[in-house]
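All of the numbers you see were taken from the coordinates with simple rules; none came from a lab. All values reported here derive from a predicted model rather than from experimental measurement. Ideal geometry is used to build each Cβ from the backbone, glycine not excepted, and the neighbour counts take in all protein chains shown.
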Amino acid sequence: MNGLKTGVLMLTLTLMLVAVGAVIGGQSGMTIALVLAFGMNFFSYWFSHKIILKMYGAKPVSEAEAPELYSMVARLSSAAGLPMPSVYMMDQPQPNAFATGRNPAHGVVAVTTGLMKLLSREELEGVIAHELAHIKHRDILVGTIAASFAGAISYLAQMAQWAMIFGGRSSDREGGSPIAAIVMMIVGPIAAMLVQMAISRSREYKADEGGATIAGNPLYLANALRKLHMASQRIPMEASPATSHMFIVNPLSGGSFFKLFSTHPPIEERVKRLEGMLLG
């Protein structure tokens with residue numbers, strides 16, 4: 001089922017990207033969009049995990065270097081029916097974590113040094129289990145594809161903007177509408193962002209539920225989320241908005257307007273759902 005959902009997502013975003021290209025640049029824009037779509041799919045599948053690990057300075061850790069963390073990941077992976085993922089550490093004071101990798105056989109769990117210092121053993125188990133749930137559900141590939149297409153749509157919009165500034169009229173010559181192109185330059189990136197946000201929010205709820213099941217107690221993760229949310233507001237982290245959706249809590253801080261367009265659901269709602277699992 002997850003494979004089918006991924007395929008439908010890729011098709012939907014490809015059609016969206018092609019439509020944006022056609023409106024902005026006519027036949028040429030459609031061709032460019034198709035090339036971008038194939039390139040983004042290939043690049044996202046094979047190389048995205050390496051880039052994000054390097055972006056945040058994540059280093060692989062062995063069992064000898066972090067025996068408690070390593071054994072915890074191994075035990076929870078076994079409970080989830082997953083192969084042992086690679087374990088990485090980021091030298092970041094903000095407590096946070098993310099999972100990456102194109103499939104469960106190439107899974108990666110990365111945690112910050114701040115996370116290791118802040119959480120109790122049970123809370124850390126809840127976080128690790130949450131990330132393993134992402135790997136099990138193949139959420140990482142879905143999220144990466146959505147982010148890549150959102151970036152491609154924004155790129156096409158920027159190309160059209162510069163073309164209009166310098167007098168480009170390809171949309172007139174090849175069937176595109178200048179007015180529609182202007183509208184699409186504004187609406188396209190927003191639509192792509194909303195798709196990415198919707199995907200990220202829904203997968204976080206599912207990973208919370210799956211992680212609670214793997215860890216064996218929903219309160220482990222609920223208590224961890226409370227601590228992580230408060231710490232993320234106090235301790236800054238240099239993170240790209242394009243990759244912020246991969247973290248267990250949003251590494252970027254902001255006001256109410258920023259939270260409205262956050263890729264993460266409200267912490268209060270996540271905690272409420274986890275606590276509700278004890279009653280259900």
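Please go through the residue pairs LYS50/LYS136; LYS227/LYS272; LYS136/LYS227; LYS50/LYS206; LYS136/LYS272 and name each one whose alpha carbons sit more than 21 Å apart in this structure. Could the numbers behind the result be given before it?
Working: LYS50/LYS136 19 Å; LYS227/LYS272 15 Å; LYS136/LYS227 25 Å; LYS50/LYS206 25 Å; LYS136/LYS272 23 Å.
Pairs exceeding 21 Å: LYS136/LYS227; LYS50/LYS206; LYS136/LYS272.
I'd like to compare 63-72, 127-136: which one has the highest average count of other Cβ atoms within 10 Å, and what's the full order after that?
Working: 63-72: 13.4, 127-136: 26.7.
Answer by packing, highest mean first, reads 127-136, 63-72.
Counting other beta carbons within 10 Å of each Cβ, put ARG203, ARG273 in order, fewest first.
On the way: ARG203 23, ARG273 17.
Result, fewest neighbours first: ARG273, ARG203.
Pop out the ³J(HN,Hα) list for segment 98-113 in order, Karplus 6.51 cos²θ - 1.76 cosθ + 1.60 with θ = phi - 60°, rounded to Hz; leave Gly and Pro as x.
Coupling constants for segment 98-113: 8, 10, 8, x, 6, 7, x, 6, 10, x, 9, 10, 10, 10, 8, 5 Hz.
Is the shape of segment 67-119 best called rounded, prolate or oblate, per the rule: a/c under 1.5 gives rounded, else a/b larger than b/c gives prolate, else oblate, with a ≥ b ≥ c the square roots of the Cα gyration tensor eigenvalues? Display every interim value, and only then the final one.
Working: a/c = 2.64, a/b = 1.56, b/c = 1.70.
It comes out oblate by the Cα gyration axes.
With a point put 7 Å past each Cα toward its Cβ, work out how far ALA19 is from LYS117 in nm, to one decimal.
Going by the 7 Å Cα→Cβ label model, 4.8 nm.
Show the residues, 5+ positions off or on another chain, whose built amide H is closer than 5 Å to the amide H of GLN92.
THR113, GLY114
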